[in-house]
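Visitor: Shown below is the structure under consideration.
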2 protein chains.
Amino acid sequence: MSDPRPIGVLDSGTGGLTVVREIVRLMPGERLIYAGDTARFPYGNRPEETIRSFALQGAETLFGRDIKLLVVACNTISAVALEAIERYARDVPVIGAVLPGARAAVLRTADRKIGVIGTHATIRSGAYKKAIERIDSAAKVYETATPFLIPLVEEMMFDHDITRLTVQFYLYEMIDLGVDCLILGCTHYPPLLEVVQGTVGTRMQIIDSALWTAKEVQDILTALDLCSEPEGGGLGQSAFFFTETPLHTAGQLPLFFGEALPHQKSISFAGGAKQ
Amino acid sequence: MSDPRPIGVLDSGTGGLTVVREIVRLMPGERLIYAGDTARFPYGNRPEETIRSFALQGAETLFGRDIKLLVVACNTISAVALEAIERYARDVPVIGAVLPGARAAVLRTADRKIGVIGTHATIRSGAYKKAIERIDSAAKVYETATPFLIPLVEEMMFDHDITRLTVQFYLYEMIDLGVDCLILGCTHYPPLLEVVQGTVGTRMQIIDSALWTAKEVQDILTALDLCSEPEGGGLGQSAFFFTETPLHTAGQLPLFFGEALPHQKSISFAGGAKQ
């Protein structure tokens, strides 16, 4: 049996497109509805109750469109508001961005020393630490908030001394402590993968939470027999909603998505679709 | 004659408190109503129509409270939305943050080479360049967007190599070009004054737009005979509204304001006061 309904993707902005890109690679027949709250991005410095309230508004927008599964493609929302969204979702399965990365890290670390970087809200929540320790209680988890990395990505400063110095500043302690597996716990970070790897050296494996979240989507859809036909609508019939015309991010979209993004539309989380 | 009505202060977040601090120093009897859109801060990367729409919502909130004058204590709003606010204001005088700094710079530059740093939106608008050239058409204006400085202030990284490297990166060209007067064209920047001065050297004077905006408020109130009694309500009867409880910025408020902030309240720009 196949299920032609779309997959909903909820994000605080445009970083979740790194998850979309991986989903499209793994399951090219799936149709997607993406909702990115670019008008209120970033969420990572906000109080928890604000993040939950914004996230539920976004989730409501997507649940109203007959989705078969919701991917929360933002680590901050996943860390702070996943349970609230699941309660609201009822029968629709919800996949967050935290657990898939945590699981991949536990499988890959040799010395059971795992590092996590993310926004203030993600790190403050302790969501990664809890998820990892639930899988392997003997694993040691080192967490650092790295709020500076989002502006570095937004300004596309990849090959730059400021970026290298910032990454060193955030990660030198983890290198010293012998962390051998680092989770990029924010879907905005993948464009920095190369400079991070260059700084931490090849001894430290890097786990891109976007990639592992997409793999989880594939596993769950397969297990529940909810996949589309391989020749289903795919990207051509997908829609991308943003709460603010991502004018200033227009140049950045290919960073996250890898190519021009089709079917961009404007939406308001609070009051339904604008157009 | 004196006028006991409050001064309205509109800001995109908390940076406008640097203007408030100077107003309180210059005119301790004045009562203030501050509205900071912390829930949607920062504005500086947003499209112009969004900034105008948010700014008019905030201005509406303040005009509804019988203010005698409106200070737009945010360079981004001043650069992009001042005319729209003035049209809306009718008889209430409106003071922006751009013109006072521009005037001060023209008075102080010896070589008529003025530098301006600010958000993407402020620099893209060309508001400072236009204001300066209207006063002195022979002045040369060099503008650079410095989006990285806001996160540096938010993370309170003042005495840090990343900050020094960032400031050098943004300003080395202006130093080479012989700029002798630099406008800090964002009310979020004053906490960086020392590190900026340390980088550009003492040959370059720094104009803090917050200070000059406060002076302009004093001049206008005096000229229009709208000052409070010197022993008026002052800070004790002022109110500070934020669209999001500034939890994560609580530690930063003294940065901008210099002391604990009295009477913080929650407000929604779109739907009136929450409490």
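Computed from the coordinates by the stated procedures, all read-outs in this text should not be read as laboratory data. This one's a predicted model, so the numbers in the text were calculated from it and none came from an experiment. Virtual Cβ from ideal backbone geometry, glycine too; neighbours counted across all protein chains shown.
Visitor: Long-range amide H contacts for B:C227: which residues qualify at under 5 Å (H placed 1.01 Å from N, peptide plane, sequence gap of 5 or more or a different chain)?
Guide: Those qualifying (amide H under 5 Å, at least 5 residues apart or on another chain) are B:D3.
Visitor: If I build a Gaussian network model for chain B, linking alpha-carbon pairs within less than 10 angstrom, which residue out of B:L152, B:L192, B:L107 has the largest mean-square fluctuation?
Guide: B:L107
Visitor: A further question on this structure: Under a straight-distance cross-link criterion of Cα-Cα below 19 Å, which lysines are reachable from B:K130, leaving out those fewer than 8 residues away in the same chain?
Guide: B:K113, B:K140
Visitor: Could you give me D for segment B:98-209, from Stokes-Einstein at 10 °C and 1.306 mPa s, where the hydrodynamic radius is the Kirkwood radius over C-alpha pairs? Units µm² s⁻¹, please.
Guide: The estimated diffusion coefficient comes to 115 µm²/s.
Visitor: Further, regarding this structure: Below 12 Å, Cα to Cα, which aspartates and glutamates can A:K68 reach? Residues fewer than 8 away in the same chain don't count.
Guide: A:D3, A:E30, A:D91, A:D225
Visitor: Another one. Please arrange A:I220, A:I183 by counting, for each residue, the other beta carbons lying within 10 Å of its beta carbon, fewest first.
Guide: Exposure proxy ranking, most exposed first: A:I220, A:I183.
Visitor: Please report the net charge: other residues with Cβ closer than 11 Å to the Cβ of B:V80, K and R +1, D and E -1.
Guide: Overall, the nearby charge balance is 0.
Visitor: Could you pull the copy-to-copy label distances for B:A84, with points set 7 Å along Cα to Cβ, in nm to one decimal and sorted shortest first?
Guide: 2.9
Visitor: In whole angstrom, how far apart do the alpha carbon centroids of segment A:94-131 and segment A:164-182 sit?
Guide: 16
Visitor: Beyond 16 Å, what percent of the Cα pairs of segment B:151-235 remain?
Guide: Numbers: 2197 of 3570 pairs.
Taking all Cα-Cα pairs of segment B:151-235, the fraction more than 16 Å apart is 62 percent.
Visitor: Just to confirm the filter: which trypsin sites (Lys or Arg not before Pro) across segment B:1-107 are DSSP coil and have at most 10 other Cβ within 10 angstrom of their Cβ?
Guide: Sites meeting the loop and neighbour criteria: B:R90.
Visitor: If Lys and Arg each add +1 and Asp and Glu each add -1, what is the summed charge of the other residues whose beta carbon sits under 11 Å from the beta carbon of B:P147?
Guide: Spelling it out: positives minus negatives among the neighbours equals -2.
Visitor: With +1 assigned to the C-beta of every Lys and Arg and -1 to the C-beta of every Asp and Glu, and no other charges, what is the dipole magnitude of segment B:22-115 about the Cα centre in debye, to the nearest 20?
Guide: Using Cβ point charges on Lys, Arg, Asp and Glu, segment B:22-115 gives about 280 debye.
Visitor: Now a separate question. Exposure proxy check: A:L10, B:L235 ranked by fewest other beta carbons within 10 Å?
Guide: B:L235, A:L10
Visitor: In addition: Which aspartates and glutamates have a Cα lying under 13 Å from the Cα of B:K129, excluding residues fewer than 8 positions away in the same chain?
Guide: Of all the aspartates and glutamates, those that pass the test against B:K129 - Cα under 13 Å, at least 8 places apart if same chain - are B:E143.
Visitor: Relative contact order (percent) for chain B, with alpha-carbon contacts under 8 angstrom and 6 or more residues of separation?
Guide: Relative contact order here is 29 percent.
Visitor: Please report the relative contact order for segment B:98-209, taking Cα pairs under 8 Å with a sequence separation of at least 6, and give it as a percent rounded to a whole number.
Guide: Relative contact order here is 35 percent.
Visitor: Could you give the size of the charge dipole of segment B:98-209 about its Cα centre, using +1 on the Cβ of each K and R and -1 on the Cβ of each D and E, expressed in debye and rounded to the nearest 20? Let's see the in-between values first.
Guide: Numbers: 11 positive and 13 negative charges, 119 e Å.
Its charge dipole is roughly 580 debye.
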